1. Cβ neighbours within 10 Å, averaged per peptide: list 30-42, 59-71 in order, most packed at the top.
2. Once label points are set 7 Å from the Cα along Cα→Cβ at both R38 and Q54, what is their separation, rounded to one decimal in nm?
3. Over the chain, what is the mean sequence separation of C-alpha contacts under 8 Å (at least six apart), divided by residue count, expressed as relative contact order in percent?
4. Give the label of the value calculated from the structure for P(r) over Cα pairs in 5 Å bins from 0, in percent, choosing from (i) 3, 14, 26, 24, 19, 10, 4, 1; (ii) 3, 17, 29, 27, 17, 6, 1, 0; (iii) 3, 14, 22, 20, 14, 10, 6, 5, 3, 2, 1, 0, 0.
5. Step through the residues of the stretch 72-87 one at a time and calculate ³J(HN,Hα) from phi using the Karplus curve (6.51 cos²θ - 1.76 cosθ + 1.60, θ = phi - 60°), rounding each to whole Hz and writing x for Gly and Pro.
6. For the chain, give the magnitude of the charge dipole about the Cα centre (Cβ charges: +1 Lys/Arg, -1 Asp/Glu; no others), in debye to the nearest 20.
7. Taking the chain, how many lysine pairs are there with alpha carbons less than 18 Å apart, if each pair must be eight or more places apart or span two chains?
8. Whole number please: convex hull volume per residue, Cα atoms of the stretch 45-87, in Å³.
Amino acid sequence: MPKAKKVQRPTKTTLGITFRGVDPLSWKKGKGYNYSFRARISNNGHQFHLGTYQTAEEAAIAYNKKAKSLFRSEKNAKARNMWNVVN
């Protein structure tokens, strides 16, 4: 009898997430996985956890808001490559 294929846990790559500071959180439910997205940012050795969100876009927006407050403007955040382009 052939073995059943093991369902792989979703990763940033398999989900196609390209946002900076956004990671998937996954947990097993039934035969598949459910997941949400965690946003976090670090500056000068301090890491800020910004929460969990239903979509990667929401997490990226939260990241952008914190980046804007940490670096005082969107322009400064972009200059430090700490900005996500969200469509």
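Readers should treat all values here as calculations from the given coordinates under stated rules, not as data from a laboratory. Since we're looking at a predicted model, the values are computed, not measured. In this analysis, Cβ positions are derived from the backbone assuming ideal geometry, glycine residues included, and neighbour counts consider all displayed protein chains.
1. Answer by packing, highest mean first, reads 59-71, 30-42.
2. If labels sit at R38 and Q54, their model points lie 2.1 nm apart.
3. Relative contact order for the chain comes out at 21 percent.
4. (iii)
5. 6, 6, 5, 4, 5, 5, 5, 5, 8, 6, 10, 9, 9, 8, 10, 7
6. 320
7. For the chain, qualifying lysine pairs total 13.
8. 72
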